[in-house]
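What follows is one structure encoded as structure tokens, with my remarks underneath.
The values are calculated or read from the model by the stated rules, or taken from the named source; none is laboratory data. All values derive from a computational prediction rather than experimental measurement. Reconstructed Cβ throughout: ideal geometry from the backbone, glycine too, with neighbour counts over all protein chains shown.
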């Protein structure tokens, strides 16, 4: 190991230790009311641990949640050697969240360093290590930390595969499949990535190798996600693309009077949910679950089965708002885009901190500018794929329900791409300066 490598390793170790300590502290200090998703993930993890099944007869819609996070929590309980009846699964799961968040620091370094060098890796890893929303996400038992890690690893595997044999792309596809099992909304993004990888390979390697790359990526994706999709579809009696919440989520997203938010949708249909479930009459709107709200919506079409009734309500939304008020609906989509990226994920019922909002916006702008600038200067396809994944995931979430929680799992990937982009652009500029007989610093001094 050279001296420079030793310095890089020491700095990375300091970032990992510091970021990991902050995440463990957040896990130990976790307090407050659990959101509905947390209850579901913990319940599903308990079912996996005790019954080796996904959901139980009490949970009516277990496939609304992707399986990777419950599997992680169940494995964490196994590793902690805690008795099932002790009620300590949340502690084991939060420790697992801290470990996953700490591994994201390493994965971000590896991706940025692979694309742009060690300094880019350290910059991206430092941003991820001390980015407050990624730290506080540890105290919530949701899929965001695992989604962030697996997506970053998937793009790292894709960058590793880019200069190797097509078989490497099968490995990258498998890692991408794990990311889809952590976050179902990444499935469309993964399919787009398979196509994009093939198209971007046409010029450098030719038609047949490009087709082989895209096919290998798709095969790896199918090998990992296929068994779960088959299992869930067989259980539900219909095709389940990782999760079965697509129609209900789109129903919320296209409901213009509710501004495309679950909060607005709940307020609009809370009275109907209380008519279907009289026990909800004295509960506040925020505590009514999405499943109970959808029961109320389905009851408006009593002649149809529940899923068919929700699909019919979705079609009515498309006619009434998307086609009937296209300009107003376009404004809704623009607001959803700002909702997703204009603020940060804070989880649960925490208040908004102004300085974190502006830190978040500054990091996003710097990362997007760096990735775009680096791509323009170097035309690196791996960097282009990383940026494409961020853009595609954003588009998918804007079509569905876009919230700040949907940006937090993209932040490590975006920060890695941004740091690598700035490093590649600077390196390209320096190379051009040397070729022209002067350095970028001399050029800057001359222009000043």
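Summary of values
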quantity: Failed item, numbered, when residue 400 is tested on (1) closer than 30 Å to residue 326 by Cα; (2) surrounded by 24 or more Cβ atoms within 10 Å (Cβ to Cβ); calculated: (2)
quantity: Any hit, segment 345-362, residues being closer than 29 Å to residue 239 by Cβ, over 20 Å from the mean Cα position of the chain (by Cα), without any contact (Cβ under 8 Å) to a residue 24 or more places away in the chain and in a helix (DSSP H, G or I); calculated: no
quantity: Among the residues listed as 410, 391, the single one being crowded, with 19+ Cβ neighbours inside 10 Å, modelled with pLDDT of 95 or more and in the same structural domain as residue 135 (by TED's automatic domain parsing); calculated: 410
quantity: Odd one out for residue 189 among (1) outside the structural domain of residue 306 (by TED's automatic domain parsing); (2) more than 30 Å from residue 327 (Cα to Cα); (3) touching a residue at least 60 places away in the same chain (Cβ under 8 Å); calculated: (2)
quantity: Among the candidates 322, 285, 297, residue that is without any contact (Cβ under 8 Å) to a residue 60 or more places away in the chain, touching a helix residue (DSSP H, G or I) at 6+ places or on another chain (Cβ under 9 Å) and closer than 17 Å to residue 256 by Cα; calculated: 297
quantity: Residue in segment 269-276 that is under 17 Å from residue 249 (Cα atoms), outside the structural domain of residue 64 (by TED's automatic domain parsing), crowded, with 18+ Cβ neighbours inside 10 Å and within 25 Å of the chain's Cα centre (by Cα) present; calculated: no
quantity: Among (1) at pLDDT 90 or above; (2) surrounded by 12 or more Cβ atoms within 10 Å (Cβ to Cβ), the one test that residue 290 misses; calculated: (1)
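Residues are listed down the side, and each one gets a yes or a no for (1) crowded, with 24+ Cβ neighbours inside 10 Å; (2) over 30 Å from residue 29 (Cβ atoms); (3) touching a helix residue (DSSP H, G or I) at 6+ places or on another chain (Cβ under 9 Å):
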| site | (1), (2), (3) |
| --- | --- |
| 127 | yes, no, yes |
| 149 | yes, no, yes |
| 158 | yes, yes, yes |
| 162 | no, yes, yes |
| 178 | no, no, yes |
| 183 | yes, no, yes |
| 200 | no, yes, yes |
| 213 | yes, yes, yes |
